[in-house]
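Asker: Below is a structure I'd like to ask you about.
The values are calculated or read from the model by the stated rules, or taken from the named source; none is laboratory data. All figures in this text were calculated on a predicted structure; none of them were measured in a lab. No Cβ is skipped: glycine too gets one built from the backbone with ideal geometry, and neighbour counts run over all protein chains shown.
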């Protein structure tokens, strides 16, 4: 899994956090709309990893000669790590949204 998108997302969240804390030197990278596009690309990437893993596992179950158990296990672990990472990013986004919504106007 390419973690570039997730790293960018985390850096944007950190920059936004610093701006909210009053640090005017921190500016979020990217323009408007980049956040949504990056998040969608990350979701699509996690989905692709899980789809590839499912196909690899099915090929192994059907006895494909070019698929070995080590590749299936590694692929399953990659899919699990990418999914767990995406769940943690989602949790942080929900937490940030709740903090913003609870701020007095």
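Asker: In segment 49-70, what residues are exposed (fewer than 15 other Cβ atoms within 10 Å of the Cβ) and in contact (Cβ under 8 Å) with a residue 12 or more places away in the chain?
Answerer: Matches in segment 49-70: 52 only.
Asker: Which ones in segment 71-83 are under 22 Å from the mean Cα position of the chain (by Cα) and either touching a residue at least 12 places away in the same chain (Cβ under 8 Å) or closer than 19 Å to residue 8 by Cβ (or both)?
Answerer: Matches in segment 71-83: 72, 75, 76, 78, 79, 81, 82, 83.
Asker: Need at least 1 residues that are at pLDDT 90 or above per element, so show me which helices (runs of 4 or more DSSP H) inside the chain make the cut, counting only ones lying wholly within it.
Answerer: So the answer is 34-61, 69-101.
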